[in-house]
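What follows is calculated from the coordinates using simple rules that are stated; it is not laboratory data. The structure displayed is predicted, hence computed values, not measured ones. Note: ideal-geometry Cβ built from the backbone for every residue, glycine included; neighbour counts use all protein chains shown.
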Amino acid sequence: MNWVGLNTLIKREVGRFFAVYRQTVLPGLITTALYIAIFGFTLEQRISEIQGVPYTMFILPGLIMMNTLTNATSNTASSMLQMKLLQQLPDLLTAPLSGLEIALAYIIGGAVRGMVNGILVLLLGVFLIGMPVNNLFGTLMFIFLVSWAFSSMGLLLGQLAESWDQLAMMQNFFLTPLSFLGGIFYSIKMLPNWAQTLSYINPIYYMINGIRYTVLGVSDSEVEISILMAIVLTIGFTLASILLMQSGKKIKN
Amino acid sequence: METPAIDIKGLTKSYGELKALNGVNISIKKGEFFGLLGPNGAGKTTTINILTGLVFKERGSTKVFGKDTIKDFRYTRSKIGIAAQEFSVDWFFPIEKLLFFQAGYYGIKPKDAKPLVDSLLNRLGLSSKRNSRLRQLSGGMKRRFQIAKALVHDPEILILDEPTAGVDVELRRDLWKYLQDLHSRGKTILLTTHYIEEAELLCENVAIIDNGKILKMGAPKELTRELGEAGITVVLENLNGLNKKDLENYKYTRDKNRLHFSIKDPDEELPKIIRVLSNAGLHIQKIESNKSSLEDVFLNLTGKGINE
């Protein structure tokens, strides 16, 4: 194992998103603050409580999850695609770094960005609306697992994509709809039966309800299933992204 | 026999229908300055990309100091520094930081890399730009940065893919001087180029490659002697008294009082020609010579110029 190489690439990946924190850290916080302000002052007047929780507080775990997974995904996806398009990837591929080391460094970089964003939104909820955190360890574990899983998924997308357009398509037509349909803003019990059934095949539904349980103690899904789903996604995407990196598909001729 | 620094045997590679490499064999000794000479699309970049792990080979073997570049990739890649033809672009970090990252990928910690990073920035005239981003550098500076990046882990083998493509004459000469300096300090250098002058000046041995095949390999002078032909023009007062038999061993043409000779080895043949002409009582007014170059060799081997 080339530990110095791995560590260097992790530092590069983390340094990269911190260097442009206005694009990578602040937007999630601002958007969440806007959600809190808008929903807090408007919708909360009409939707007083869901499962005994004030509406603004109900949506916050979902916002944590959305920020976590979109940031983790876009970090690895955009970094990998950028390195491909800007001819930086040969620097890594000609160095004594294995596919495992390159994939791990990217995944860790993306997971750090996901966690930073998730934790900052969590803190915003705590300080802005006094959101209680029932199980801090469980919450952090969910943020970590989701960051890692979606960072790995982003790496897969970044390696397979050949243009920004393809990447945007994956995010706009796949990730964002699944996040919104995963129950960020509502309980799936408010949906008709067929829509509830559809929600069960959406993995993000389990992530949102898992963290909602650890933060607020309420959830549409069994927490055990959410944890299991998070672990399965993490292992699955990690293995897939490492194997794809080792195969050299779309990055070597 | 000493293990070659680079040993390529029977290398083949196709991109769809296109046969990019068709059984390439190259052996480069430790400390040698070797040139891979060929036109665009000949297979030069594909060869070095396979050697460095950027491209999958089809068949054949690639070894660095006797170790396989796939099985022992950590060893072989740590021995090689590569300056690619294409500039990479980085928007985020200053160039000094990029050099530290590059050293890190090769397992060198920043504090250990610092002396070499400083020395490379100084030697390549980039010291004052150490905190600049790549986009703020001129084309020539970017080219020098590519070379600094290739050398930051102090590799034994330096591979340069068209290092002087698109640079001005002054920088080209400066880079040549630097490469000669590196070579004199024992670095093995593999250079791909389509500049004849560059290969003749720098390389101890060259391989001429075209359509994925090595056509000829050897020292530039030997190749020139073997396959090149120099043009000698002798201007005489008049040709009275010239007996055709005297010159029957030479390829020449007549043009009024001028004789144009095509000879393989001007150093050896020219005195003989002068002697023959003098013995025939002819008065030589002027001698003009066009030295043979690798360009002629390339023309002889492929039937086309290197830049065609």
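Observations
- Inter-centroid distance (Cα atoms) of the stretch B:238-294 relative to the stretch A:155-185, Å: 77
- DSSP beta bridges in the stretch B:79-225 [antiparallel fraction, %, rounded to 5]: 40
- Within the protein assembly as shown, percent of DSSP bridges classed antiparallel, to nearest 5: 70
- Local charge for residue A:246 was computed over the other residues whose Cβ lies under 15 Å away, with Lys and Arg +1 and Asp and Glu -1, and equals +4.
- Of the GluC sites (Glu not before Pro) found in the stretch B:221-282, those that fall in a DSSP loop while having at most 12 other beta-carbon atoms within 10 Å are B:237, B:248.
- In this simple spin-label model, placing a label point 7 Å from the Cα along the Cα-to-Cβ direction at both residue B:133 and residue A:46 gives a separation of 4.5 nm.
- Extension gain, residue B:258-residue B:288: 0.36 nm per intervening residue step, less the Cα-Cα distance, totals 9.8 nm.
- Based on C-alpha pairs under 8 angstrom that are at least 6 apart in sequence, the stretch B:9-99 has a relative contact order of 23 percent.
- Where GluC sites (Glu not before Pro) in DSSP loops with at most 14 other Cβ within 10 Å are excluded, longest remaining stretch of chain A: A:1-161
- For the segment A:94-105, counting C-beta atoms of other chains within 10 Å of every residue's C-beta and taking the mean gives 5.
- Model label zone, residue A:127; criterion: amide N under 18 Å from point 7 Å along Cα-to-beta-carbon; scope the stretch A:34-54: A:34-37
- Applying 1/(1 + (r/R0)^6) with R0 = 51 Å to the Cβ-Cβ distance of residue B:177 and residue A:21 gives a FRET efficiency near 0.70.
- Counting DSSP beta bridges with both ends in the stretch B:133-292, the antiparallel % (nearest 5): 80
- Between residue A:201 and residue B:213, the modelled labels are 5.7 nm apart [label points 7 Å from Cα along Cα→Cβ].
- The trypsin sites (Lys or Arg not before Pro) of the stretch B:11-94 meeting both criteria, a DSSP state outside H, G, I, E and B (loop) and at most 10 other C-beta atoms within 10 angstrom of the site's C-beta, are B:71.
- Shown is the FRET efficiency for residue A:239 and residue A:38, computed with R0 = 45 Å from the Cβ-Cβ distance and rounded to the nearest 0.05: 0.65.
- FRET efficiency, residue B:30 to residue B:165 (Cβ-Cβ, R0 22 Å, nearest 0.05): 0.25
- Bridging of residue B:272 to lysines at a Cα separation below 20 Å is possible for B:244, B:245, B:251, B:264, B:286, B:291, once same-chain residues fewer than 8 apart are set aside.
- In straight-distance terms, cross-link reach from residue B:67 covers every one of the aspartates and glutamates whose alpha-carbon lies under 13 Å from its own, apart from those fewer than eight places away in the same chain; here that gives B:7.
- The local environment of residue A:5, defined by Cβ-Cβ distances under 13 Å, has a net charge of +2 under the rule Lys, Arg +1 and Asp, Glu -1.
- Sites excluded, trypsin sites (Lys or Arg not before Pro) in DSSP loops with at most 16 other C-beta within 10 Å, longest stretch of chain A: A:1-248
- Cross-link pairs exceeding 30 Å in C-alpha to C-alpha distance, out of B:30/B:213; B:79/B:114; B:71/B:213; B:30/B:129, comprise B:30/B:129.
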